[in-house]
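In what follows, a single structure is set out as C-alpha cells and then discussed.
What follows is calculated from the coordinates using simple rules that are stated; it is not laboratory data. Just so you know, these numbers come straight off a predicted model, no measurement behind them. Neighbour counts run over all protein chains shown; Cβ positions are idealised from the backbone, glycine included.
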Amino acid sequence: MIIEDVTDLYLDRIIKWRRYLEKYLFSDRLQDFIAKHIGGIDVNAPPSVPVIVVSNTCGASIGGQTWYYKDTDEGWIELSEWIIDDEEQVRSILRHELAHYIKEYCRIQAPPHSKEYTKVLKMVSPKHFRRDKHWKSTKEIDMKRKLIHPRIKIRT
Ligand SMILES: [Zn+2]
C-alpha cells in the first residue's frame, strides 16, 4: 500500500485544528507544566504548536501519530484521512498527540504510552484523558478504513 500525503485537501480544517491545539498548549496549566520540566535544560526552540499533516493512512489501526524532531524541538502530527470527518475523534487524537509532543519536549524519558505519558495526558486533558488514550471506531470510520485496509476485521 502506498502512503499518500493528502494534507492539501484539508487546509481549512487544519487551520482550525491548529487553533484548537494552540488553546491547549498556551494555557497557563500547560505552560507552567513545561516551564517546571525544562528548568535548567537548553531547549532548541520555544514550545510550538505541532504542524498537522494528513495522509491516506497512518496504519490500519492508527488514527494519528506524532513525529518529534529533537534537533529543532518541533512536532508534526500526522492524521489518518479515514478518521478526519469525525470531529470528536480528531479532537481526542489531537489531545493525545499533543501529550506526546509535550512529553518529548519536556525530556520525560519513558515509553510512548507509559504511566509517565498518562501523567502528561492528564495535564493536557484533565476531563477526557481516559477517552483520549485510544480513538474509538464507529461504523462510518470502519467503512472508510476498510476501503484502504481491505483485510482488516471490523465489527458488523
Ligand atoms: Zn500515542
Inset, instruction - Could you pull out every one of the aspartates and glutamates with an alpha carbon less than 19 Å from that of LYS103, ignoring same-chain neighbours closer than 8 positions? - result: GLU22, ASP28, ASP32, ASP42, ASP71, ASP73, GLU74, GLU78, GLU116, ASP132
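In which sequence would VAL51, VAL43, VAL120 go, from the one with the fewest C-beta neighbours within 10 Å to the one with the most? Walk me through the intermediate numbers first.
Numbers: VAL51 15, VAL43 12, VAL120 26.
The most exposed by this proxy come first: VAL43, VAL51, VAL120.
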Legend entry - Separation of the VAL53 and LYS146 label points, Cα + 7 Å toward Cβ, nm: 3.0
Inset, instruction - Hey, can you grab everything whose amide H is under 5 Å from the amide H of ILE52? Only 5+ residues off in sequence or another chain; H modelled, so Pro and N-termini drop out. - result: ILE77
Legend entry - Spread of Cα-to-Cα distances over 5 Å intervals beginning at zero, given as percent, for segment 96-156: 4, 17, 22, 13, 11, 14, 14, 4, 0
Inset, instruction - Could you give me the radius of gyration and the Dmax of the chain, taking only the C-alpha atoms into account and expressing both in angstrom? - result: 15.8, 53
Inset, instruction - Go through TRP82, LEU25, TRP135 and say which Cα lies farthest out towards the positive end of the charge dipole of the chain; charges sit on Cβ, +1 for Lys and Arg, -1 for Asp and Glu. - result: TRP135
Legend entry - Sequence-separation-based contact order of the chain, relative, with Cα cut under 8 Å and 6+ spacing, percent: 22
